[in-house]
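**Student:** Structure incoming, see below.
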Amino acid sequence: MANPDQELSCPVCSDACSLLDVVDFNKSCEEARGKFLGLAGIPVYYALCGKCGFCFAPELAAWPLEKFEEEIYNDQYVNVDPDYVDARPRANAGNLIAMFGDRAHSIRHLDYGGGSGLLAGLLRESGWQSVSYDPFVDRSMSVEQIGEFDLVTAFEVFEHVPDVQGLMGNLRSLLAPNGLVVFSTLLSDGNLQPRQRISWWYASPRNGHISLFSRSSLAILAQQYGFRFGSFSDGFHVLFAKVPPWADHLISVK
Ligand SMILES: [Zn+2]
């Protein structure tokens with residue numbers, strides 16, 4: 001049970017945080033489509049950093065991987081995220097091919113948090129040098145063993161990660177010099193505010209959405225790891241140190 005007097009510090013900027021709200025564990029993204037699971041009777045608290053706007057669920061962030069598997073990424077997960085098995089990887093593969101075209105054939109690509117590896121497989125069929133790594137699936141593999149990649153994609157990963165500093169460290173070590181991280185997560189700007197109850201559909205514990213990023217929190221994280229940060233949209237972003245020639249049609253740096 002969360003204690004409102006507990007001292008919380010922001011995992012992104014280290015500033016002091018306070019609790020923002022509590023939601024039922026069964027709150028899911030499918031509620032946006034009118035589907036309700038019924039209440040689990042388990043309270044999940046979210047804390048919000050007043051400085052950078054990062055929002056997180058402190059109790060769930062401390063769970064071991066096994067507990068996430070039992071409680072969230074279990075047989076029922078497909079009911080709250082029906083697109084993750086097939087539709088999303090297919091759509092993402094199509095988007096990446098459209099973005100990079102033949103330029104991607106010469107680069108090494110890693111799909112971080114790629115689950116079953118469908119996205120990487122589809123890209124290989126299109127001539128990409130793609131591999132998949134998922135901390136939940138490839139447990140026996142350490143990040144250091146995988147190598148370095150020119151392009152790292154992380155679709156619907158950031159909001160699921162309990163340790164955002166660990167994630168950034170992994171991305172940093174997986175990225176070749178002059179590489180690019182392309183990732184998706186929906187920005188919380190305008191959706192979460194201090195002293196305002198949570199009504200945002202994306203803040204859903206049952207989907208494993210335990211880390212919710214503002215634009216400012218992503219910019220701070222990027223800076224901490226020597227990256228520049230930019231966005232193609234509210235949900236699609238990029239991290240890089242220097243724009244590689246194979247991506248200069250997508251990113252212009254002022
Ligand atoms: Zn912060």
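**Student:** Show me, bin by bin at 5 Å from 0, the whole-percent P(r) of the chain based on Cα pairs.
**Tutor:** 1, 6, 13, 18, 19, 17, 13, 8, 4, 1, 0, 0
**Student:** OK, next. Where both residues lie in the chain, what percent of DSSP beta bridges are antiparallel, nearest 5?
**Tutor:** That works out to approximately 65 percent antiparallel.
**Student:** Heavy-atom accessible area of S126 with all protein chains present, probe 1.4 Å, nearest 10 Å²?
**Tutor:** Using a 1.4 Å probe on the heavy atoms, I get roughly 50 Å².
**Student:** Moving on. Taking amide H atoms as placed 1.01 Å from N in the peptide plane, list the residues 5 or more away in sequence, or in a different chain, whose amide H sits under 5 Å from that of F236.
**Tutor:** Amide H to amide H, under 5 Å and 5 or more residues apart or across chains, F236 pairs with T185.
**Student:** Amide H to amide H, which residues 5 or more places from L8 or on other chains are under 5 Å from it, using H placed in the peptide plane?
**Tutor:** Those lying under 5 Å, H to H, from L8 are C17.
**Student:** Now a separate question. In whole percent, and with a 1.4 Å probe on the protein chains, what portion of the accessible area of the stretch 64-157 is carbon and sulfur?
**Tutor:** Carbon with sulfur: 48 percent of the solvent-accessible area.
**Student:** How much solvent-accessible surface does E70 expose, in Å² to the nearest 10, with a 1.4 Å probe and all protein chains in place?
**Tutor:** Per-residue accessible area (E70): approximately 120 Å².
**Student:** Ok, one more. Give me the percent relative contact order of the stretch 8-247, please, defined on Cα pairs under 8 angstrom at least 6 residues apart.
**Tutor:** Answer for the stretch 8-247 is 23 percent.
**Student:** How would I210, I97, I251 line up by accessible area, probe 1.4 Å, largest first?
**Tutor:** I97, I251, I210
**Student:** Let me ask you something else. How much accessible surface area, in Å² rounded to 10, belongs to the heavy atoms of R90 with a 1.4 Å probe?
**Tutor:** Per-residue accessible area (R90): approximately 120 Å².
**Student:** Please list, or write none, the lysines whose alpha carbon is within less than 24 Å of the alpha carbon of K67, excluding same-chain residues fewer than 8 places away.
**Tutor:** K27
**Student:** Over the stretch 35-113, what is the relative contact order in percent, taking alpha-carbon pairs closer than 8 angstrom and at least six residues apart?
**Tutor:** Relative contact order for the stretch 35-113 comes out at 13 percent.
**Student:** Let me check something: with ligands and nucleic acids excluded, how do M168, M99, M141 order by accessible area (1.4 Å probe), largest to smallest?
**Tutor:** Of M168, M99, M141, the descending order of accessible area is M141, M99, M168.
**Student:** Now for a different question. Provide the FRET efficiency to the nearest 0.05 for the D83-R197 pair, computing r from the beta carbons and using R0 = 22 Å.
**Tutor:** Result of the calculation: an efficiency of 0.20.
**Student:** Continuing with the same structure: I'd like the orientation of helix 215-224 relative to the chain: the angle between its Cα long axis and the longest Cα principal axis, in ° from 0 to 90, rounded to 10.
**Tutor:** Value to nearest ten degrees: 60.
**Student:** Still on this structure: For the stretch 44-97, what class follows from the C-alpha gyration tensor (a ≥ b ≥ c being the square roots of its eigenvalues): rounded when a/c is under 1.5, otherwise prolate if a/b is larger than b/c, else oblate?
**Tutor:** oblate
**Student:** I would also like to ask the following. What does the C-alpha gyration tensor say about the overall shape of the stretch 6-116? Classify as rounded when a/c is under 1.5, otherwise prolate if a/b is larger than b/c, or oblate.
**Tutor:** oblate
**Student:** For the stretch 74-156, which GluC sites (Glu not before Pro) are both in a DSSP coil and crowded by at most 15 other Cβ atoms within 10 Å?
**Tutor:** Counting only loop positions with at most 15 other Cβ atoms within 10 Å, the GluC sites (Glu not before Pro) in the stretch 74-156 are E148.
**Student:** Treat each spin label as a single point 7 Å out from the Cα along the C-beta direction, and report the E69 to F232 distance in nm.
**Tutor:** 3.3 nm
**Student:** Using a probe radius of 1.4 Å on heavy atoms only, what accessible surface per residue do you get for the chain? Whole Å² is fine.
**Tutor:** 47 Å²
**Student:** Taking only Cα atoms, what is the 0 to 90° angle, nearest 10, from helix 87-100's long axis to the longest principal axis of the chain?
**Tutor:** On a 0 to 90 degree scale, this one is about 40.
**Student:** In addition: Pull up the cross-link candidates among the lysines for K242, meaning alpha carbon to alpha carbon under 23 Å and not fewer than 8 places away within one chain.
**Tutor:** By straight Cα distance, K242 reaches K254.
The values are calculated or read from the model by the stated rules, or taken from the named source; none is laboratory data. Note that the structure is predicted; figures quoted are calculated from it, not measured. Cβ: placed from backbone, ideal geometry, glycine included. Neighbour counts: every protein chain shown. Just the protein is used for accessible areas: all its heavy atoms, side chains included, with ligands, DNA and RNA removed. Shrake-Rupley method; radii C 1.70, N 1.55, O 1.52, S 1.80 Å.
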